[in-house]
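What follows draws every value from the coordinates through simple rules; no lab data is involved. Please read these numbers as outputs of a predicted model, since none were measured by experiment. In this analysis, Cβ positions are derived from the backbone assuming ideal geometry, glycine residues included, and neighbour counts consider all displayed protein chains.
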């Protein structure tokens, strides 16, 4: 049994080696083995896919694998704690997102223990309804809420996380009382399509297929400008509700990592983010508009500002 | 549809590579399913980078084959070593291992293999011919229906232990209690974690079952001392005779239907399908007293259930673009990397791909029969070694497997603790089946009940008056009453004090 497994492993390693040795090595001795990227979301989700996509050009450049390690659940705390337990040797990264900022704001984790390395993606979300819904526009939503406050239920993923913060902020600005109900990403979609939920909040990438087929109708976009892919969907901002929060994705590393290795990593990420293949993946989810590459200093400034923003929002929401 | 089918078949015939890929992926899947801790999800995730080298259709054939192979593979180690290689095989241990211990390992593996193939082919056929209507049916399932489904499974805990009502309830409620550990899924409050950050994710299910089944069995065997004449050396994997196979036909059909429908529901997959199939097989069985002691139905039900859930969980993936299980969620990632947008348009825009996957999955199920026999023989060689060597090897393999799952030492700790829990359950005659059912279905019942209540503005009646949910709940209530009535009428033989009405 173990023999068979070992046989397969060896075959896989051989194939991998054949594929990878073709590329020139960028750094002399770093990375010399697999780099692990710990994240708090499920395998196959947005962040997992993002890591796999950005890893492609990096693997080509270095000949080493960058693999996502999913430690899902627990509101993201176990993933972060696992990261903190790893040595500062440059072979463990952690994914960072607004969920981590919120955990920091709520005192569940301490973000000063991580060095923000690079920020790569900046997504934008939508409020979506089923095609059978009576809600056809944000006005309908506001009218329904005015008639019976708290009557509309919005599906979100995660509890007391980014989605809750965004809906809470919208409630604050629009004077509504939309109630959030946490679901797994797939159940949220099926419950919206099946009419069990009134609305759902999700980014463009995962819902694109259902938007194109007309099964899900986006009502409003949370961003500064409309998406070229959805020219008829208004932004909340233009309707008078200044909610432009978006989910961004970046990476952090242990602060006492070797400086030369940090340099190498940042430049690897910079090249990977500009890679044609990766750009294509990004464009498929309409991620190219707000995504702007940030190195350690910029990202730190950005992160500090985000911490301020979310601390204030979570405070207002009564957390 | 016929055009698409013929065109896809043409693609496959004109592309011999695709057959090689299916063979490779089924074998790869069986190995990943059978080795504890590797699991089908890991098998699929590891292959995703390799799909870049192929076109999307070949890539999907590869992933689909692994999914099919791994779902069966888990049953090999579950039956031979009481070590479920993957969560969906946990249920197969319950009757597979006792049968193997009797010296009928070959028959147990044969039943598992045949049931897997029947379930797998059933699920794939439904996927081919009825995906859109079944996807619509799945959309009818809101939180209230998920809750009712979980309750239906949970009502079996009292009776499934094969004897004592109270012992079944104790074990089942313990399982439900353990399922509460972790972050509250709706409000994000920590429960029973005692300040331990790693417990926030809850008890890792795979670590827990490996502990309860494999580790506890090793402890038990060493506690019992040298075996008294129980021999498993004879492990040729003969398929069950036609008569034996036909004896389970009702169970196979029922489990295949249950598995396909549960597979089609987003968020629940093969593991839930296996357990609900098992408890329904028990409920309707003419010989329920054999369950847990090596009943052929007890092997056929979970294996037909979890393999038909494979086809089932592809239904929402292909019809709606949303994953029906954790493994299909990884497959969606693989599709999008190839630039294919999963969604309702997939069947129209990429019909070649979709129909090739159908044909591929059918082929994979047939190949599974061929390679399953070989793989089982290979694994069974280990049984010829003395248990003093096999036992420690199982422990080492479980520890490394559980660690490799997330590179996480705390999962290993969970496994060790649950080894103790399993030993404790066995020592006191508490049925492991009830405990595991509580552990699997408890979280589904809890989360969906609370979601459903929020959606209904906390109106309990609104939940139970929904047609599907109401029917399922009524069935649960009736079967509970019937079960208890049955117990009262013919008290089981294994001890006094079993038939106490207040235990309901």
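Details
- Taken residue by residue and averaged, Cβ atoms of other chains lying within 10 Å of the Cβ of A:209-216 number 6.
- Sorted on the mean count of surrounding Cβ atoms within 10 Å across their residues, most packed first, peptides B:119-132, B:415-428, B:319-332, B:474-487 read B:319-332, B:119-132, B:415-428, B:474-487.
- Extending 7 Å from Cα along the Cβ direction at residue B:338 and again at residue B:396 yields two label points whose distance is 4.0 nm.
- The angle separating the long axis of helix A:259-273 from the principal Cα axis of greatest extent in chain A is about 60 degrees.
- Cα-based helix-to-principal-axis angle, A:46-62 vs chain A, degrees rounded to 10: 30
- Virtual spin-label span in nm between residue B:377 and residue B:458, 7 Å along Cα→Cβ: 6.5
- Extension gain, residue A:136 to residue A:283: 0.36 nm times the residue separation minus the Cα-Cα distance gives 50.2 nm.
- The packing ranking, built from the mean of other Cβ atoms within 10 Å per residue, places the peptides A:115-122, B:282-289, B:37-44 in the order B:37-44, A:115-122, B:282-289, highest first.
- The alpha carbon gyration tensor of the stretch A:125-222 gives principal lengths a ≥ b ≥ c with a/c of 1.5 or higher and a/b no greater than b/c, which makes the shape oblate.
- Cα gyration tensor category, rounded, prolate or oblate, for the stretch B:111-234 with a/c compared to 1.5: oblate
- Panel order for B:181, B:48, B:437, by other beta carbons found within 10 Å of each beta carbon, from fewest to most: B:181, B:48, B:437.
- Computed helical MRE - 222 nm, chain B, DSSP H runs ≥ 4 contributing -39500 (n - 2.57), nearest 500: -23500 deg cm²/dmol
- Chain A shape via C-alpha gyration tensor axes, a/c threshold 1.5: prolate
- The mean number of Cβ atoms from other chains found within 10 Å of a Cβ in peptide B:44-52 is 4, as a whole number.
- Each residue in A:232, A:123, A:140, A:258 was given a count of other beta-carbon atoms within 10 angstrom of its own, and listing them fewest first yields A:232, A:258, A:140, A:123.
- Spin-label model distance (nm) - residue B:370 vs residue A:315, 7 Å beyond Cα toward Cβ: 6.8
- For the peptides A:151-158, B:459-466, residues were scored by their other Cβ atoms within 10 Å and the scores averaged per peptide; the highest-first order is A:151-158, B:459-466.
- Of all DSSP bridge pairs formed entirely within the protein assembly as shown, close to 60 percent run antiparallel.
- Rounded to 0.05, the FRET efficiency of the residue A:301 and residue B:351 pair, given R0 = 41 Å and the Cβ-Cβ distance, is 0.25.
- Counting only other chain Cβ atoms within 10 Å of each residue's Cβ, the peptide B:197-209 averages 3.
- Ordering A:267, B:116, A:213 by the number of other Cβ atoms within 10 Å of each residue's own Cβ, fewest first, gives A:267, A:213, B:116.
- The relative contact order of chain A, computed from alpha carbon pairs under 8 Å that lie at least 6 residues apart in sequence, is 25 percent.
- Model label zone, residue A:34; criterion: amide N under 13 Å from point 7 Å along Cα-to-beta-carbon; scope the stretch A:51-93: A:64-70, A:92
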